[in-house]
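A.B. asks: First the structure, then my questions, so here it is.
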Amino acid sequence: MKKITLLFILIAFNYSFSQMTINDAFTTQQLIEDQLIGNPNFPTSNFISSTGTDFGSVNGLAAFNSNGADIAFSQGIVLSTGNVLSIPGANITVISEGGNSWPGDTDLESATSVNNTNNASFIQFDFVAQVEAISLDFIMASEEYGTFECGFPDTFAFFLTDLTSGVTINIAVVPGTVTPISIFTVRGGGNNDCNPVNDSYFDRYNFDVSAATANPDYIIPEISPINFNGQTEVFTLMGNLVIGNNYRIKIVIADASDTAFDSALFIRKSSFGAVPLMEQEPSDIVIVDNDNDGSSVFNLRVNEPQMLGSVDTSIYSFGFDYYTTLADAEAETNAISNPEAYTNTADPETVYVNMRNTFTDMFITNSFKIATDPALLSVEDFILDQVKVYPNPVVDKLQISNQDGAITGVEIYNIRGQLVTSLTNDSTNTLEINFESYTKGVYLVRLISNQGSSYRRIIK
């Protein structure tokens, strides 16, 4: 009995020490500019929102701070179909607070085929595209998970409207599909009456589901940082833009079929912003070895202007870090401490560079070589320059010409630097990669030869 009591005290202490806090005092413009975007120079206008307080009900829009609680984001904004003040854990009560006077959203119903939505909360703003793509990180949580996940598909959408062309798309879809994200389309199997769906994107239940045959992950409700029954993994959404066009963003979430058992969308602070894209790939650098000791001092930053290209650095902020291995670059560890005066350790040597949005923290990785003699690079440069990757943009099939058999392997990375697919090549002169199932966006194609590797940027 003493052990049980002690455990309860420890759990209670941890919970009280790390409870999430909610701040519902922000205006719509403050929520969008200061919490969602973060970059004070991002060109936004026409801030609009709607939630329960506009219809005599509770407020579903606020900012949050995790205060160290076990949730994916330390800070951000939350859109809820109920009272945001009821969101902090533990998960010991049912949040079901939106009334019948609080309507749903017709745009959401049209885009998701979920009829009869209620208790919709949304934020909306306009901006001018001065970069090629934007991104955002979020998780979805809901009281529907578990008992009601088979019958009530609470849903949301991230509408990106090109005001110049009039085209609207919902980019909040399950990765690799055109399926909108909802309780139906991402669930972990906590209810034996229906199967798990896309459960690799479901994080956990916040109550005991040990009886479920799917054996999903869960924590006990007393230590849940939020007062919802379940939550997804982190999704990163990306939308492609036409530079110079005007755009509108609308983020909306709603209950489906009734007003009971609320859901929420947690969006990481400052995660909405420009996707880092290198306008030109970094060039190889040669510094002649005058004393013939096999080494020279290199300024690795000389490539940064061409990587930035036409990006307006008075509006967008990108930083660069350099690494000696791809693994370190992907893990963001052991960055070169003196990139302005780096002494090579091999000749030639491959250097990896991360280009990072300093507000959103999204980064992409590329590489270049440094050498003390241009002859050390000429063979590899010639071989890889002859390889053609087409069409670009790609719709379904990506072709890689390999007439001299130089390419021994190909790796495809998404915009976050995650490996999507890889293949090896023994003798084929033309490689074909099926892009049909890939989501729209920017990809890096790594061409691997016996002499080294090179990257090409592809748009789907």
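The values are calculated or read from the model by the stated rules, or taken from the named source; none is laboratory data. This is a predicted model, so every value here is computed, not measured. Glycine also receives a Cβ, built like all others from the backbone with ideal geometry; neighbour counts cover every protein chain displayed.
A.B. asks: Just to be sure, is residue 301 assigned to a strand (DSSP E or B) and touching a residue at least 12 places away in the same chain (Cβ under 8 Å)?
C.D. replies: Answer is no for this residue.
A.B. asks: Please count how many residues of the range 260-274 are surrounded by 23 or more Cβ atoms within 10 Å (Cβ to Cβ) and either without any contact (Cβ under 8 Å) to a residue 12 or more places away in the chain or not aromatic (Phe, Trp, Tyr) (or both).
C.D. replies: Count: 9.
A.B. asks: Working carefully through the options 360, 313, 345, 350, find the one that is not assigned by TED's automatic domain parsing to the domain that holds residue 33 and not in a loop (DSSP other than H, G, I, E, B).
C.D. replies: Residue meeting the stated conditions: 350.
A.B. asks: Okay, moving on. In the range 19-42, how many are farther than 18 Å from residue 85 by Cβ and assigned to a loop (DSSP other than H, G, I, E, B)?
C.D. replies: Qualifying residue count, the range 19-42: 5.
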